[in-house]
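Remarks on the structure that follows.
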Amino acid sequence: MGVLNALSVAIALSLLQASRAQLTIPNTLPSPWTSQGCITDNVGGRTLGGANTANNQMTIENCIAFCEARDFIYAGVEFGAECCASTEPCGAGNRLNLFWNGETPPAPPTIVPSVGDWQSLGCISDNVNGGGRTIPNGVDTDGPVTIESCTTACFNLGFPIAGAEFADQCFCGNAIINGGASTPDGDCNMVCEGNPQQFCGGPDRLNAYHYTGNDLPPQNGGGGGGGGGGPIAVFPVLEPGRLPTGWAYNACWVDNAHGRIFTLQLPGSQSNTIESCVGSCAGQNFTVAGTEFGDECYCGNSLVNGATMATNQNDCNMGCAGNTTEACGGPNRMSVYASTTITALPVPTAQTTDLPGQWVYQGCLREPAQGKMFPNQIIWIGNNSATACMEQCAAFGFPAAGVEFGQECYCGDITDVTSKNGVFGDASECNTPCPGDPIHICGQGDRLSTYYWNGTMNDWKTPENIGRYEFFVPGLIIPLIATVGINNKVTLLEKWGTGPPNTTGAYELDPTLVDGPDWRAAYREMHVKTDVFCAGSVILPDKAGRQINVGGWSLDSTFGVRLFTPDGTTGTNSTTDWEEDFHTLALQRGRWYPTAAILSNGSVLVIGGETGSNAAPQPNLEILPKPEGGDTVLHMDWLERTDPNNLYPFVIILPSQNIFVGYWNEARILDPVTFDTVTELPNMPGNVNNFLAGRTYPLEGAAVPLPQHAPYTDPLEILVCGGSTDGAGQAVDNCVSIAPEAPNPQWILERMPSRRVLACMVSLPDGTFMIMNGATAGVAGFGLANNPNLNAVLYDPTQPHGSRMSILNNTIVPRMYHSEATLLPDGRILVSGSDPQTNNDDGTVKYPQEYRIEVYIPPYLNEGRTQPTFTMANNDWAYGGQYQITVNLFHGDTSTMRVSLLGATSSTHGNTMGARTIFPAFSCSGNTCTITAPPDAGISPPGWHMLFVLDGPTPSHAQWVRIGGDPSSLGLWPDLPGFTFPGM
C-alpha cells in the first residue's frame, strides 16, 4: 500500500497544504476516491514514495487508475504530466493534487533492523556522482526490490554487505568503501518498490546490511573490496564466529558523562581490534568489553558511573587501529560488547558505612608534592575495593588505608599523614569507581579515599626498663658462627680472608677472662683445615657435648665434617682443638648454606644448601652417621623448586617427632623415618604488598620454637620473624607463628615496630625472645643490605597476639650480614659480627667490618636484682625421670619460682640451630625441688640444655643437663684416626 513519506496524511495536509491550484477538478471521481487538495512535494524526497509514471496524456482519472491497479490508497498528479503512486490532482511544480480512496493508511515504513542473519548498519551515504559507489556492485533481485530480496541476492553471490537505494536499486559488496559513512536515519526516506512498509534508501543514501552468519557461499563473480582510496566506513562486529562464544555487540555507550564507564583500561595498542579487545577481556574472565578512540580497550563486569547508551548509535564511528572497518567507539563513546546482560551502575559514592572492623572513613586525601603518602602500594587490577584494601592493611597491622586511581591500595600509619602535613580536599576530588566495587569510590589521580582504624592496632609496649647494650670485648676475628659450649665458653668461627689478621679461622672466647689485665687472654686460638664460610653447626647429644660443623665455602670445604670437644672450665685455658680430615670423613654431598639438626632418634640431619658458592642447588638431605656402604641422601623436589631462596632452611622437631621444615615462604612436615611429606602447611604471609616475601637465606629472617609447658598438651608453636623480598629487597616488618600439628593450622601475623632482614632471634630463660641485629632494607649477601636496624625488640608469647612486642634499647654498632646473637649462661646476650662489605658510591667504606663484641643486658637483669643460685647432683637425665636441685632465692619463694630448659644452640645467618624452650613440671619442699624431665624425644630431642631457675623474673646462671642420652651412639663415632672417641 502506498503511504505518505514518514508522515500521516493528516499531518501532511495540515503542515504542507498550499493554495488550491486554479484548475478544474472533475466533479465526479472514480468511487470511492475523493480530492484532498494541493500539498507541497520535495523532488529530492518525494512526499509519495511509491511507483510513479509520466506521459503527455496524463489526467486525474488515468493517474487514479494507475495507482488503484497497484493497490495504492493515495494518488497524486504533478507538473501536469506526472502521476505519483499514492494519490493527487495534476498540480504545479513541487505541488501535488492529492486524492484518497478512503482506506485507513498503514503504519509508516521503518528501517528493517534485521533479516535472518543480516543486521542493519543504518543509513549509509553513497557517492553516485563522486568518488565511486559506497557499495559498488549493482545486482538484480528476484522481483521488486525489498530488503529481503536484496539481501538474498547478495547472499547468493557471496557478498557480506547489501544495500538498497532509490526504492528499487540493490547493491552488494565486501565492505563499505569510497567514503561511505553513517548518516541520520531520516536520510533514507524512500520506501521499497516491493514493500512500502520498508525503507530502501534514498537519493545518495543506502539502507545497508551486514551478514553475521558463518555459511556465506563463495563469491560468484562481482567486484567489491576496498578500492577508491577514500575513508572507510566502520561497523560493529556482529558475526558470532569472530568473537568468543557467548559474546555479542551490545550498543554504543556514552563515556565520561560522569566519569569513565569502565574501571579497567588495558594498555593501548595500534593493533587493537574488536576481536583482540574482547579476547583479552574474556581471557581475564571479564564479561564486558569496550573500545574507544580506535586504540583503547577496556574490561569490566558492569558499566559504572551512571553509564547511558548514546542517543545516536552512529556516534561510535571511529575505526579500530588494527582494522579500520570495525567500529571502535569514538570521542567519549564506547563500542560495548558483552557475554551477559549488562548492568549499568549508578554514579559511585565514597564508602562510609558497612566498613570492616573498626575502620572509619576520613575523606579524600591529597598526595604530597613529592613521593607517596603511604609506603606500601598494592595494585589489584580489576578487583580493588575500599573494603579489600582495609582488610589487607588490617591483616598486616597497618591502621591507615587509602585507595587511589581505582585499582591501587596503599597501607601505612596515621603518623604518615601528620608527618607529611597531609591535606584533605573536597570529597568531589575523589571520583574514580573501585573496579571490584564500582558503586563506591577508590580515589582519583593523586587522591586517596582514606580510612583510619579507630583503636589500637599494634600494642607495642615501651617499658621504662628497656635493658641496655654494653661493650664487652674487642675482637680478634669477625665471627660468622657463634656457639656456646657446655664448658660455658663461646666458639667463634670466621670465613677465611675476612680481614686482618686473617687467622686460623677459629677461636674460643672465655667470657670470664674478658676483664683480666689483657683481654687477649680471653681468646684461645684454634684451627680448622677447610673454610667454614656459611657452614652449619649443632651440638651433639654425646657425653662430651661435641660441636659438629658441616659444609662450607667451596670445593673440599663443602664436604667438610668438623668436630670439636669442649673441655676445661671457665677461667682456665682449654686444650682441645677442631678435628677434621675431609679425606676420611666427609659429607656425601658438598653443601654451602646447609642446616644441621638433631633428630628425635639422636642422629644428625643435614639438609639443603648449594654445591658451592652461588652454584647449583643441593636439593636433598642426608643423615649422619652414614651407615657402612650406604647412601642416606634423599632428593627433595620442593627444595629444588624453591632454590635459591631456601638456604639454611628452618628445621624444628615436633612433639610427634615429625620434622617441621620452613624454606623460602613455604613450610611442611616430614616423616622422621621416610622423610616423605606428611603435611604441606599454608604459605607464610609475606609483606602486605608482596606475598612472595621470604624468610630463609638470602631473604633472611629467623625462626624459633615457642616455649612448651608441662604437661605438654598444647601443640608446639613456631615463630618466624623478619625476612625480605627477592629483587627489590623490601625487608619484612612482621612475625608469623603457627602450630603445625594443630587442627587446621594457620599462620598468625603480628606487625613488628620496624622492618628487619638479617634478623637474629635469641631464646631467653624467662620464655621471651629477643629480636636483634639486621637491616631495614635489602637481602643477605655482601653489599646487598642497607640501613642497619639498631633496635632490640622483646617478644613475649604469654601476651595476646598483637600485644607481644616491646621496644627496647638501641645499639650504636651496625650488625648486618654475618652477625650473631647467642645466650650466655649468665643470662646476657652475646652480640657479635658484621661483615657487610658495603661501600658508598665513592668507594669509601659505608659499614665497616665489625670486630667489637657487645653484650645486651635484658630487662630481667637490668633491674639490679640478685640472681638466684642452685645446685644439683645429676646432669644426665632420662626422659620422664625426676631430678633434685637445691635453690637459693633472694626475692621470692618457690611458689613464684619457675624452671626452664633451653636447648644448646649454634647461631649463624639468623638460624639458631638446636633452639628449644621447655618449662618442665617441678615441685618443691623447702628449697629442695624435684624436676620432672620432658617425657620423650618429641618434646625434647636428645641433647644438651641450659637449666635455669627463675626467681620471679630474674634467672640464675645456667647449668648444663643432657636429656635423652645418645640413642644413635654418636659418642662412638667416627671410629677413624685423628678423631676423639668421647663416649656415649
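The values are calculated or read from the model by the stated rules, or taken from the named source; none is laboratory data. Treat the numbers as computed from the prediction; the structure is a model and nothing was measured. Note that each Cβ is placed from the backbone with ideal geometry, even for glycine, and that neighbours are counted across all protein chains shown. Side chains included, ligands, DNA and RNA excluded: accessible areas come from the protein's heavy atoms. Shrake-Rupley method; radii C 1.70, N 1.55, O 1.52, S 1.80 Å.
Brief remarks on what is shown
- By definition, a body whose alpha carbon gyration tensor gives a ≥ b ≥ c is prolate when a/c is 1.5 or more and a/b is larger than b/c, and the chain fits this prolate description.
- Euclidean distance of C-alpha centroids, region 95-115 and region 237-253, integer Å: 35
- Each Lys and Arg contributes +1 and each Asp and Glu -1, all at the Cβ; summed about the Cα centre of the chain, the dipole is approximately 1600 debye.
- Relative contact order [Cα under 8 Å, 6+ residues apart], region 833-984, whole percent: 23
- Rounded to the nearest 20, the Cβ-based charge dipole of region 359-453 about its Cα centre (Lys and Arg +1, Asp and Glu -1) stands at 100 debye.
- Think of a 1.4 Å ball rolled over the protein heavy atoms: region 248-338 then has 36 Å² of accessible area per residue.
- Take the Kirkwood radius over Cα pairs of region 473-861, plug it into Stokes-Einstein at 20 °C and 1.002 mPa s, and you get 101 µm²/s for translational diffusion.
- Stokes-Einstein translational diffusion, region 303-356 - Kirkwood Rh over all Cα pairs, 1.567 mPa s, 4 °C, in µm²/s: 96
- Computed 3J(HN,Hα) for region 848-857, one whole-Hz value per residue from the Karplus formula 6.51 cos²θ - 1.76 cosθ + 1.60 where θ = phi - 60°, is x, 4, 10, 8, 4, 10, 10, 10, 10, 9, glycine and proline marked x.
- Each Cα pair under 8 Å and six or more residues apart adds its sequence gap; the mean of these over the residue count of the chain is a relative contact order of 7 percent.
- Between region 747-761 and region 596-662, the alpha-carbon center distance in angstrom: 25
- Distance from region 303-344 to region 441-470 (C-alpha centre basis), Å: 45
- Share of carbon and sulfur in the accessible heavy-atom surface of the chain [1.4 Å probe, %]: 50
- Projection of the Cα convex hull of region 359-453, averaged over all directions and equal to a quarter of that hull's surface, yields 5.1 nm².
- Fraction of alpha-carbon pairs over 20 Å apart in region 894-976 - percent: 43
- Our summary gives region 114-211 a relative contact order of 38 percent, counting only alpha carbon pairs under 8 angstrom and 6 or more residues apart.
- Burial ranking of peptide ranges 242-248, 142-148, 402-408, 650-656 (average Cβ count within 10 Å, highest at the top): 402-408, 650-656, 142-148, 242-248
- Subtracting the Cα-Cα distance of Thr415 and Asp826 from 0.36 nm times their residue separation leaves 143.9 nm of extension gain.
- Relative packing of 487-494, 66-73, which averages over residues the other C-beta atoms within 10 Å, highest first: 487-494, 66-73
- Per-peptide average of other Cβ atoms within 10 Å, ordering 742-754, 431-443 highest first: 431-443, 742-754
- Helix 274-283 and the longest principal axis of the Cα set of the chain meet at an angle near 30°.
- Estimated [θ] at 222 nm from DSSP helical runs (n ≥ 4, -39500 (n - 2.57)) normalised by residues in the chain, nearest 500: -1500 deg cm²/dmol
- Rounded to the nearest Hz, the phi-derived 3J(HN,Hα) couplings of region 596-608 under the Karplus curve 6.51 cos²θ - 1.76 cosθ + 1.60 (θ = phi - 60°) are 10, 8, 8, 7, 5, 8, x, 7, 9, 8, 10, 9, x, where x marks glycine and proline.
- Cα-based shape type of region 260-382, given that a ≥ b ≥ c are square roots of the gyration tensor eigenvalues and the cut on a/c is 1.5: prolate
- Kirkwood Rh and Cα Rg combined as Rg over Rh, evaluated for region 824-954: 1.12
- Here region 692-847 yields Rg over Rh of 1.00, to two decimals, using C-alpha coordinates and the Kirkwood radius.
- Crossing angle, helix 147-156 versus the chain [Cα axis fit, 0-90 degrees, rounded to tens]: 60
- Three-way shape label, region 843-920, alpha-carbon gyration tensor, a/c 1.5: oblate
- Under the convention that each Lys and Arg Cβ holds +1 and each Asp and Glu Cβ holds -1, the size of the dipole of region 869-970 around its Cα centre is about 100 debye.
- Solvent-accessible area per residue for region 473-861 (1.4 angstrom probe, square angstrom): 32
- Helix 386-395 axis, angle to the chain major axis (alpha carbon atoms, nearest 10°): 10
- Anchor Lys495: aspartates and glutamates whose Cα lies under 12 Å away (excluding residues fewer than 8 positions away in-chain): Asp531, Asp835
- Under 15 Å, Cβ to Cβ, from Glu292 - net charge with Lys/Arg +1 and Asp/Glu -1: -3
- Between Thr245 and Val845, the simple label model (points 7 Å from Cα in the Cβ direction) yields a spacing of 7.0 nm.
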